[in-house]
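The values are calculated or read from the model by the stated rules, or taken from the named source; none is laboratory data. None of the values given here were measured: they were computed from a predicted structure. Using ideal geometry, Cβ is built from the backbone for each residue, glycine included, and neighbour counts are taken over all protein chains shown. Surface areas here come from the heavy atoms of the whole protein model, side chains and all, with no ligands, DNA or RNA. Shrake-Rupley method; radii C 1.70, N 1.55, O 1.52, S 1.80 Å.
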Amino acid sequence: MPTYSEMSREELQQEKSELEARFEEVKAKGLKLDMSRGKPSAAQLDLSMEMMDVLNSSSNLKCEEGIDCRNYGVLDGIREAKQLLADMMEVSAENVIIYGNSSLNVMFDTVARSMTHGVMGSTPWAKLDKVKFLCPVPGYDRHFAITEYFGIEMINVPMTPAGPDMDMVERLVREDESIKGIWCVPKYSNPQGITYSDETVRRFAQLQPAAKDFRIYWDNAYGIHHLYEDKQDYLPEILLECKKAGNPDMVYKFCSTSKVSFPGSGIAAIAASKDNLINIRKQMTIQTIGHDKLNQLRHVRFYKDIHGMVEHMKKHADILRPKFETVLDVLERELGGLGIGSWIRPRGGYFISFDALPGCAKAIVAKAKEAGVVMTNAGATFPYGKDPDDSNIRIAPSFPTPEELAMAAEIFVLSVKLVSIDKILETK
């Protein structure tokens, strides 16, 4: 079949009338399908239900160090929880602070602390005329929401198959002292599923920023979220690379068990250099007497160690993999070769990134909504919600049932075709 742009005006109009008839049939079903956020499905949440049974009223609630987890104390996490999340992040336990239930919370705190008190003795950002962040795009909307909330200017950096455009990153941080950070989802990135190359990670570690308080915000959200046992991406460890490059303080690494155990009831952590952690603990001593140690204990007793967590993640993969493949197969079957969209087949993470023809993303999302499929707003993967090309759409396959997903994918491709035909007809 020719691409849509190769078809004549008459052929396109014929195709459009047939697609519209199919679309009306689907619309008449009154479906309500949610593909808007990367939420784990009920089947995934069920995998962790036995965690609710590992502690009860007769349990020994003392941690390895003999501290009663029911009481106050232990500012930065019990030792065994530090070890578990250190292994999850591939760092030493001495570089880890355990927080509460959300890594997003930790990232917000980290930016807020920099605004009010600066970074390791530097001028608080709130006292500076201008503060900027680099934002690889497409990227994670909640990262951009944090920097927007604090009035930080965001600069788009295009993503490549190897990660952010490092020539641009290196040049900007070297030339502009007001650039204080960069958001990164380095493994199975949100939304493209790209893993940074070894060279990209090394170039990050070797950055020479003009700002002494520049930090890489390394959100390793999907570090162990593989879809395949035999096809897994590898990522060099950024703290070690920074240390080798003589920049030990340049990175904050974040993680949580939100998509491992229970979103909203997991445990989160930051990993950083010794001096960074000293700076962070100063705030923590004022902010809290310690986070939920019973939840930390519950996680450790359920997973036991990183091997238990890895085995647990294989069960997640068994649920997620068919969902991703359902969507990808529909995209390939219905849109392959038509020249109206492109996508990446990820090996892990929670999203599929779709690039429509320029100027079509908002209309496609609106069209899908007409037929009962709610998707992430077009533009959400860019700072300020503004995709300059209006082309990127984030597809989240995790939450719907496989049956719902098949229907949602069919509605999506119909929407892509109809909107794309209208776009092409404008120039015919």
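Quick test of your reading of the structure: Gly290 fulfils all but one of (1) on the phi < 0 side of the Ramachandran plot; (2) touching a Leu at 6+ places or on another chain (Cβ under 8 Å). Name the failing condition by number.
All conditions pass for Gly290, except number (1).
Does segment 129-144 hold any residues that are buried (at least 16 other Cβ atoms within 10 Å of the Cβ) and either more than 22 Å from Ala396 (Cβ to Cβ) or without any contact (Cβ under 8 Å) to a residue 24 or more places away in the chain (or both), and which are they?
Val131, Lys132, Phe133, Leu134
For segment 78-99, give me each residue that is surrounded by 18 or more Cβ atoms within 10 Å (Cβ to Cβ), part of a loop (DSSP other than H, G, I, E, B) and under 24 Å from the mean Cα position of the chain (by Cα).
Listed by number, the residues that qualify are Glu90, Val91, Tyr99.
Give the residue that is farthest from Glu311 (Cα to Cα), with candidates limited to residues of segment 33-70 that are open to solvent by 70 Å² or more (accessible area, probe 1.4 Å) and of a type in the set (A, V, I, L, M, F, W, C).
Met52
Would you pick out the residues in segment 390-428 that are polar (S, T, N, Q) and assigned to a loop (DSSP other than H, G, I, E, B)?
Ser391, Ser398, Thr401, Thr427
Tell me, yes or no, whether segment 419-428 has at least one residue that is at pLDDT below 95, of a type in the set (Lys, Arg) and surrounded by fewer than 21 Cβ atoms within 10 Å (Cβ to Cβ).
Looking through segment 419-428, at least one residue is at pLDDT below 95, of a type in the set (Lys, Arg) and surrounded by fewer than 21 Cβ atoms within 10 Å (Cβ to Cβ).
Between a residue in segment 5-26 that is in a helix (DSSP H, G or I) and any residue that is open to solvent by 60 Å² or more (accessible area, probe 1.4 Å), which pairs come within a Cβ distance under 6 Å, given they are 6 or more apart or on different chains?
Pairs that qualify, where the first residue is in a helix (DSSP H, G or I) and the partner is open to solvent by 60 Å² or more (accessible area, probe 1.4 Å), are Arg9/Lys428.
Does Ser189 fit the bill of being of a type in the set (Ser, Thr, Tyr) and either over 19 Å from the mean Cα position of the chain (by Cα) or farther than 18 Å from Tyr350 by Cβ (or both)?
no
Under 23 Å from Lys386 (Cα atoms) and touching a helix residue (DSSP H, G or I) at 6+ places or on another chain (Cβ under 8 Å): does that describe Leu134?
Judged against the criteria, Leu134 is a match.
Looking for whichever is more than 24 Å from Ile194 (Cβ to Cβ), buried (at least 22 other Cβ atoms within 10 Å of the Cβ), touching a Ser or Thr at 6+ places or on another chain (Cβ under 6 Å) and not polar (S, T, N, Q) here; the options are Ala356, Ala368. Which one fits?
Ala368
Restricting segment 194-212 to residues that are open to solvent by 10 Å² or more (accessible area, probe 1.4 Å) and not polar (S, T, N, Q), which is nearest to the chain's Cα centre (by Cα)?
Ile194
Residue check, Arg171 against (1) open to solvent by less than 70 Å² (accessible area, probe 1.4 Å); (2) free of Cβ contacts under 8 Å to residues at least 60 places away in the same chain; (3) over 18 Å from the mean Cα position of the chain (by Cα), all met but one. Which one?
All conditions pass for Arg171, except number (1).
Are there helices (runs of 4 or more DSSP H) fully within segment 264-365 with at least 3 residues that are under 30 Å from Val419 (Cβ atoms)? List them.
Hits in segment 264-365: 306-335.
Being of a type in the set (Val, Ile, Thr) and either at pLDDT 95 or above or within 17 Å of Leu357 (Cα to Cα) (or both) is the filter here, so list the residues in segment 375-396 that pass it.
Of everything in segment 375-396, those that are of a type in the set (Val, Ile, Thr) and either at pLDDT 95 or above or within 17 Å of Leu357 (Cα to Cα) (or both) turn out to be Thr381, Ile393, Ile395.
Within the bounds of segment 314-322, is there any residue that is over 24 Å from the mean Cα position of the chain (by Cα), more than 22 Å from Asn71 (Cα to Cα) and surrounded by fewer than 18 Cβ atoms within 10 Å (Cβ to Cβ)?
So far as segment 314-322 goes, no, none of its residues is over 24 Å from the mean Cα position of the chain (by Cα), more than 22 Å from Asn71 (Cα to Cα) and surrounded by fewer than 18 Cβ atoms within 10 Å (Cβ to Cβ).
If the Cβ limit is 6 Å and pairs must be 6+ apart or interchain, which residue in segment 279-298 that is more than 16 Å from Asn60 (Cα to Cα) pairs with which residue that is of a type in the set (A, V, I, L, M) and buried (at least 18 other Cβ atoms within 10 Å of the Cβ)?
These pairs meet every condition: Gly290/Val74.
When segment 258-284 is examined, which residues are found to be open to solvent by 20 Å² or more (accessible area, probe 1.4 Å) and more than 18 Å from Arg79 (Cα to Cα)?
Once the filter is applied, which keeps residues that are open to solvent by 20 Å² or more (accessible area, probe 1.4 Å) and more than 18 Å from Arg79 (Cα to Cα), segment 258-284 yields Ser258, Lys259, Phe262, Pro263, Gly264, Ser265, Asp275, Asn279, Lys282, Gln283.
For the list (1) surrounded by fewer than 20 Cβ atoms within 10 Å (Cβ to Cβ); (2) closer than 28 Å to Phe144 by Cβ, I need the number of the one condition that Glu403 fails.
(2)
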